[in-house]
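J.: Shown below is the structure under consideration.
The values are calculated or read from the model by the stated rules, or taken from the named source; none is laboratory data. This is a predicted model, so every value here is computed, not measured. Cβ placement follows ideal geometry from the backbone for every residue including glycine, while neighbour counts extend to all protein chains displayed.
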C-alpha cells in the first residue's frame, strides 16, 4: 500500500482520524456503561475497535515512522512501543470480555463493571497517546511546509464553508464555483 507522505495531507488526515478514533473510544465507554448492554454486543464492539485501532497503528507506523525517526528517534521508539502496548492491551480486553460467555448470566454484570473500569483506564492512556502525537508529530509535519502550505493546512482544518457560502450567496467564498460532487481538492507540490 502506498501512502501520501505530503505533510499537508498527513497533518489533516491525522487530525481527522484522531477525532474519529476519540468518538469510537467514547462510544465503547458509553456501551459499557449502559445497564442493558449485552455481552455479545460488547464482545463484538471490542473486536471492532480493536481492529480499527490496530489498523490505525499499522498505518501510522508505515506512513510516519521514517519521518518521525528523522525528526526525533526517541519519539519514534516511544510511538512504536505505545502501539505495541496498546495492541496487547486491546487483546487482553477482548479476551476478558470473551470469558463472560463461560460465566452464568448473573455474573455478567460484575464482569462488565470490571471491563468498564479497565476500558476507561485504556481510553485515558490512549487519549494521552493521541495528544502526544498531535502536539509533537503534527507540529513536526507543519514545520516542513512552506508558509502558503501551512496557511492552507490551517484553513483546511477549519470547518468547511456552507453550501450557501460556497455558491456565492454570501461569505468569504462568494462568487466561487463549487465542485459538482461537493468536495474540494487542494493539491500542493513540494
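J.: Among the listed residues 98, 62, 44, 66, which satisfies the condition of being in contact (Cβ under 8 Å) with a residue 60 or more places away in the chain and part of a helix (DSSP H, G or I)? Reasoning before the result, please.
T.: Values: 98 fails: in contact (Cβ under 8 Å) with a residue 60 or more places away in the chain; 44 fails: in contact (Cβ under 8 Å) with a residue 60 or more places away in the chain; 66 fails: in contact (Cβ under 8 Å) with a residue 60 or more places away in the chain.
On inspection, the qualifying residue turns out to be 62.
J.: Sort out which residues of segment 76-102 are at pLDDT below 90, in contact with a helix residue (DSSP H, G or I) (Cβ under 6 Å, 6 or more places away or on another chain) and farther than 15 Å from residue 58 by Cα, and write them in order of number.
T.: 100
J.: Mind listing whichever residues of segment 15-39 are touching a residue at least 24 places away in the same chain (Cβ under 8 Å) and either closer than 18 Å to residue 95 by Cβ or assigned to a loop (DSSP other than H, G, I, E, B) (or both)? Steps first, answer last, please.
T.: First pass over segment 15-39, keeping only residues touching a residue at least 24 places away in the same chain (Cβ under 8 Å): 15, 17-18, 21-22, 24-26, 28-29, 32-33, 37, 39.
Once the filter is applied, which keeps residues that are touching a residue at least 24 places away in the same chain (Cβ under 8 Å) and either closer than 18 Å to residue 95 by Cβ or assigned to a loop (DSSP other than H, G, I, E, B) (or both), segment 15-39 yields 28, 32, 37, 39.
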